[in-house]
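Report on the following structure.
The values are calculated or read from the model by the stated rules, or taken from the named source; none is laboratory data. The structure presented is a predicted model; accordingly, all values stated were derived computationally and were not measured. All Cβ positions, glycine included, derive from the backbone under ideal geometry; neighbour counts span all protein chains shown. Note: accessible area is taken over every heavy atom of the protein model, side chains too, but ligands, DNA and RNA are not part of it. Shrake-Rupley method; radii C 1.70, N 1.55, O 1.52, S 1.80 Å.
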Amino acid sequence: MSENIITTRLRQLRDRIGVNQDVVAEACDISRVALTRYENGQRVPRAQIAARLADYYGVTVDYLLGRDDTPTQPQEKAPADDPLTEQIMAKAKNMNEEELRQLLRIMDALKT
């Protein structure tokens, strides 16, 4: 496991979906300072934190840690390639059920 790979992949994944550290930190229930340290190679995330980050980005922990070059397991669905869709999905992960229902109503209204 290489710290260099972890830091590079964390930055690349965040850049790919176009969110800032505050968004990722909040979604993964970690501090922005901790995320900055992971991305700068000052610290390596514990297993539980690595799992949260991997889940957030839709990749495997092995990919995140540099043990595998395939981001997802074959049976898993890869995240959408469209950055806008990924940004919407990232924000939706932080919404409660009522907010999600409101979002669906707004989306339905926009389609008509």
Residue list for segment 86-112, restricted to those being part of a loop (DSSP other than H, G, I, E, B), open to solvent by less than 90 Å² (accessible area, probe 1.4 Å) and not hydrophobic (A, V, I, L, M, F, W, C): 94, 96
Complete set of residues in segment 31-62 that are within 25 Å of residue 85 (Cβ to Cβ) and in contact with a Lys or Arg (Cβ under 7 Å, 6 or more places away or on another chain): 39
Some residue of segment 58-77 being modelled with pLDDT of 90 or more, closer than 18 Å to residue 94 by Cβ and part of a helix (DSSP H, G or I): no
Near pairs, Cβ below 6 angstrom, 6+ apart or cross-chain, from segment 1-26 (modelled with pLDDT of 90 or more) to any residue that is part of a helix (DSSP H, G or I) and among the hydroxyl-bearing types (Ser, Thr, Tyr): 10/38; 13/57
